[in-house]
Amino acid sequence: MMGCMGRMMPMMGEMMGHGESASPMGMMMFDHIEGRIAFLKAELGITATQEPQWNAFADTLRANAKTMQEQRHAMMEKGMPTRWPDRIMLHERMLEARLRAVKAIEGPAKALYEALSPEQQKKADELMGHPMRGM
């Protein structure tokens, strides 16, 4: 189980935009979640027997993307706080939202990874192994 977690942590973090979502471009990646989901499904070669795990994973990605889009929209409407303590509080709320998203994807990601063949796992490790290539 620990080996699986070690392989899945980069995948989960990158699926949630680790390393990118703090930037405007990183936040925009959530605007294209359906394209990213389709790309990953095709690249991984998800089979009919893997569909239940894939669908749970993809649905969680969609839900997380929606939440992040809503959070971004609310932030843009309110604007960036001018007071330093308020900016710290905003940053804390953003980090808490990211943590909730990572926790939400953890179970579906583990289940999907376990359902993948060794070749598919290797491909997932390659696709999700670098912050600039993840979600």
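The values are calculated or read from the model by the stated rules, or taken from the named source; none is laboratory data. Just so you know, these numbers come straight off a predicted model, no measurement behind them. FYI the Cβ positions are ideal-geometry reconstructions off the backbone, even for glycines, and counts take in every protein chain you see.
Results for (1) touching a Phe, Trp or Tyr at 6+ places or on another chain (Cβ under 7 Å); (2) farther than 21 Å from residue 34 by Cα; (3) acidic (Asp, Glu); (4) surrounded by 13 or more Cβ atoms within 10 Å (Cβ to Cβ), shown as yes or no for each residue.
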site	(1), (2), (3), (4)
60	no, no, no, yes
96	no, yes, yes, no
106	no, no, yes, yes
124	yes, no, no, yes
128	no, no, no, yes
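Restricting to the range 68-86, name every residue that is part of a helix (DSSP H, G or I) and at pLDDT 90 or above.
Of everything in the range 68-86, those that are part of a helix (DSSP H, G or I) and at pLDDT 90 or above turn out to be 84, 85, 86.
In the range 84-129, what residues are in contact (Cβ under 8 Å) with a residue 12 or more places away in the chain and among the polar types (S, T, N, Q)?
120, 121
Please state which of the following conditions residue 79 fails to meet, knowing it meets all the rest: (1) in contact (Cβ under 8 Å) with a residue 24 or more places away in the chain; (2) surrounded by fewer than 11 Cβ atoms within 10 Å (Cβ to Cβ).
Evaluating residue 79 over (1) in contact (Cβ under 8 Å) with a residue 24 or more places away in the chain; (2) surrounded by fewer than 11 Cβ atoms within 10 Å (Cβ to Cβ) leaves (1) as the failure.
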